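What follows is a single structure, written as C-alpha cells, with notes after it.
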Amino acid sequence: MVGDLLALFRRAAGFTQAALGERLVIAESTIAAYEQGRRPLLPDTAVQMDQLLDTKGALAVAVAGLPEIDQFPLYAEQYMAHEREAIALSWYDVLTVPGILQTEECARTVLRNRVPAYEEDEIETKTAGRVQRQEVLHRKCPPTLSFIVWEAALRLAYLEPQARAEQLRHLRVCAELPGLTLQFLPLDAPTHAGLDGAFTLLETPDHQHLAYTESQRGSQWVSAPDEVSILARKYAMLRSQALTPEHSKGLLDRLLGEQ
C-alpha cells in the first residue's frame with residue numbers, strides 16, 4: 001500500500017524514479033524497491049518525500065500506521081534490510097556476542113533464554129534467520145565492519161563448555177576477515193562510554209547514517225542526525241577505551257587456552 005501510494009504521488013508530481021532519487025540523494029533502485037514493497041520506507045524518508053511531493057504528510061501517516069505482523073517487528077525488518085546492503089557497520093554489544101558473529105548453538109541458546117519464552121518452533125526459525133544474516137560477512141564486496149564487545153560477553157556462562165569454545169574459535173576466525181575489526185572492552189577498563197546499552201551504527205549505499213538501539217523495553221531506529229551523532233561519538237570513545245584489534249585477538253587466544 002505504501003509503495004503504491006508513493007508511485008502514485010511521484011507520477012502526479014511529474015517525477016521519474018531516477019529524478020526523485022536524485023532530488024533525495026537516494027539510488028533509483030531504492031526508490032523502485034520502495035514502490036514494489038521490497039523495502040520498507042523509513043519514517044524520516046517518508047517525511048522528506050511528503051515535503052518534496054507536497055503530499056501533506058500522507059506518506060508519513062501511512063508508514064506510521066503499518067502493522068507489525070511479520071516474523072520480526074517492523075523496526076527489525078527495516079534494520080535487517082539495511083544490514084544486508086550497508087557499506088559500513090559499527091556494532092557495540094554489552095552482554096552477548098553480536099548476532100551476526102554468533103554460532104548457531106550460541107544463537108539458539110540466547111533465544112532460549114528469552115522471557116517470556118519462545119515456542120520451540122519459533123526458536124528454530126529465529127535461529128536460522130540469525131545465522132543466515134551472517135552472509136553479510138562474506139559478501140563479494142563486504143561492508144567495512146567494526147565490532148566492540150564488552151569482555152563480560154566472552155564469559156558466556158550460559159553456554160556449555162564445548163559450545164563456548166566453539167563460539168570463541170568462531171570469533172577468532174572472524175577477527176581475521178578482511179575489512180573487519182573486533183575489539184573487546186576489558187572488565188577492568190577505568191572508563192566506559194557504553195553503559196547505556198547496545199547499539200549499531202550503519203551507513204547505507206546512499207551514504208545515509210542511521211543507528212539502531214536495543215534495551216529491555218525493545219529496540220528502535222534512530223535516524224535524527226543529532227541523535228545518530230551522539231551515538232557515533234560514543235562509539236568513537238569506546239574504540240579508544242577498548243583493546244586494540246591485535247590485543248583483542250590475544251585475549252581470545254588466552255581464553256581458548258583456558259578451555
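The values are calculated or read from the model by the stated rules, or taken from the named source; none is laboratory data. Worth saying up front: this structure is predicted, and the values here are computed from it rather than measured. So basically every Cβ, Gly included, is an ideal-geometry build from the backbone, and we count neighbours across all protein chains shown.
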Restricting segment 190-222 to residues that are of a type in the set (G, A, S) and surrounded by fewer than 17 Cβ atoms within 10 Å (Cβ to Cβ), the one farthest from T144 (Cα to Cα) turns out to be G218
Just need a number here: residues in segment 91-144 that are aromatic (F, W, Y) and at pLDDT below 95. 1
Tabulated pairs, segment 33-51, first under 17 Å from Q220 (Cα atoms), second part of a loop (DSSP other than H, G, I, E, B), C-beta under 6 angstrom, 6+ apart or interchain: D44/S223
Which one of E122, E105 is surrounded by fewer than 16 Cβ atoms within 10 Å (Cβ to Cβ) and in a helix (DSSP H, G or I)? E122
Looking for whichever is in contact with a Ser or Thr (Cβ under 9 Å, 6 or more places away or on another chain) and free of Cβ contacts under 8 Å to residues at least 40 places away in the same chain here; the options are H209, H138. Which one fits? H209
Which residue is farthest from L95 (Cα to Cα), if the candidates are limited to segment 159-192 and must be touching a Ser or Thr at 6+ places or on another chain (Cβ under 8 Å) and assigned to a loop (DSSP other than H, G, I, E, B)? G179
Filter pass, L145 being touching a Lys or Arg at 6+ places or on another chain (Cβ under 6 Å), outside any loop (DSSP other than H, G, I, E, B) and within 24 Å of W221 (Cβ to Cβ): no
Please specify each residue of segment 193-210 satisfying the condition of being within 30 Å of G250 (Cα to Cα) and either assigned to a strand (DSSP E or B) or not hydrophobic (A, V, I, L, M, F, W, C) (or both). G194, D196, G197, F199, T200, L201, L202, E203
Are any residues in segment 148-158 small (G, A, S) and not in a loop (DSSP other than H, G, I, E, B), and if so, which ones? A152, A153
Condition first: touching a Ser or Thr at 6+ places or on another chain (Cβ under 8 Å) and assigned to a helix (DSSP H, G or I). Now tell me which residues in segment 241-259 satisfy that. Q241, P245
Pull out all pairs, ordered by first then second residue, where Cβ-Cβ is under 9 Å, the residues are six or more apart or on different chains, the first lies in segment 213-240 and is assigned by TED's automatic domain parsing to the domain that holds T181 and part of a strand (DSSP E or B), and the second is small (G, A, S) and at pLDDT below 85. T213/S219; S219/A76
